[in-house]
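The values are calculated or read from the model by the stated rules, or taken from the named source; none is laboratory data. These numbers come from a predicted model, not from an experiment. Here the Cβ positions follow ideal geometry from the backbone for every residue, glycine too, while neighbour counts run over all protein chains shown.
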Amino acid sequence: MAAELPNQPYVTLSEALSWIAFATPLGRESLNKELAGLTFKMELSAAKAQLEQGVSNFMDAAAVGKIQIVGKHLLSHLADPDESKVDIIPEGECQNYRQFDITIDGLRFGEGLAWLPNENEVWAYEANKHPDFYTQIKVKRSSLMHAFSARIIGMPANAQSKLPPLSETDLKNWWDKLTIEEQRQSRKALGELCAVHHPLHSISRQRVRTLTPNRKRGPKTNQPK
């Protein structure tokens, strides 16, 4: 079962990526130790592949504006982070700076992972051709939860299926707190909204239908032949 994200407006990049990839939000140092030790009770190669997929999923969402991330853009390691301001990382930059560097809890130009041990516990790092990078990255928690909902894309399918169903009491309480306008949304939108508010529980389409029993289906659209 997925663990809760830290209850604060912004979470760190490491927390966001480990939550997406392993359903466990870990800070930079804790994630670093896990990858160099127990590797989430799986083979290191599998853990690295799962994290890399999580990074890709995260950056895909950020590149289309589904996730808001902020950080400091430094021209090189010689730059002083204290003299740089925190700013929103533009969507266009998220299409280029997609390489996760755990040593700076940030992003570099390119794809994949910049700094992780191999199976022989040898830490391999290849210098990036672009000296600039983003560091001290923070991710807006609400946008992260909305983008990935209860179905965390980087989580293995068997882990997703283990999400417990939302209780009838919690479902009813959630429904009663919605405004009239929110209750009038499509059933698909209602399911997604419920998942945002309860990311650690599953909600089936049938249970969403029971909330709107008298709603008629919309007209079918003609498919091109």
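Looking at Val11, Val55, just one residue is in contact (Cβ under 8 Å) with a residue 60 or more places away in the chain, within 11 Å of the chain's Cα centre (by Cα) and under 22 Å from Phe133 (Cα atoms), and that residue is Val11. With respect to Glu83, determine if the residue is within 22 Å of Gly54 (Cβ to Cβ), among the charged types (D, E, K, R) and at pLDDT below 95. Judged against the criteria, Glu83 is not a match. Residues satisfying the criterion are present in region 29-36 (criterion: touching a residue at least 40 places away in the same chain (Cβ under 8 Å), in contact with a helix residue (DSSP H, G or I) (Cβ under 7 Å, 6 or more places away or on another chain) and in the same structural domain as Asn96 (by TED's automatic domain parsing)).
Scanning region 94-110 for residues that are free of Cβ contacts under 8 Å to residues at least 40 places away in the same chain, part of a loop (DSSP other than H, G, I, E, B) and either of a type in the set (Gly, Ala, Ser) or within 16 Å of Leu51 (Cα to Cα) (or both) yields a count of 1.
Annotation note: of Gly92, Gly27, Gly71, the sole residue that is in contact with a strand residue (DSSP E or B) (Cβ under 8 Å, 6 or more places away or on another chain) and within 18 Å of Phe133 (Cβ to Cβ) is Gly71. Filtering region 55-64 for residues that are among the hydroxyl-bearing types (Ser, Thr, Tyr), assigned to a helix (DSSP H, G or I) and touching a helix residue (DSSP H, G or I) at 6+ places or on another chain (Cβ under 9 Å) leaves an empty set. Here's a check for you: in region 8-49, which residue that is part of a loop (DSSP other than H, G, I, E, B) and at pLDDT below 90 is surrounded by the most Cβ atoms within 10 Å (Cβ to Cβ)? Among those that are part of a loop (DSSP other than H, G, I, E, B) and at pLDDT below 90, it is Ala23. Scanning region 105-118 for residues that are under 12 Å from Asp132 (Cβ atoms) and of a type in the set (A, V, I, L, M) turns up just one, Leu107. Taken together, the criteria place Lys72 among residues that are surrounded by 15 or more Cβ atoms within 10 Å (Cβ to Cβ), of a type outside the set (A, V, I, L, M, F, W, C) and modelled with pLDDT of 90 or more.
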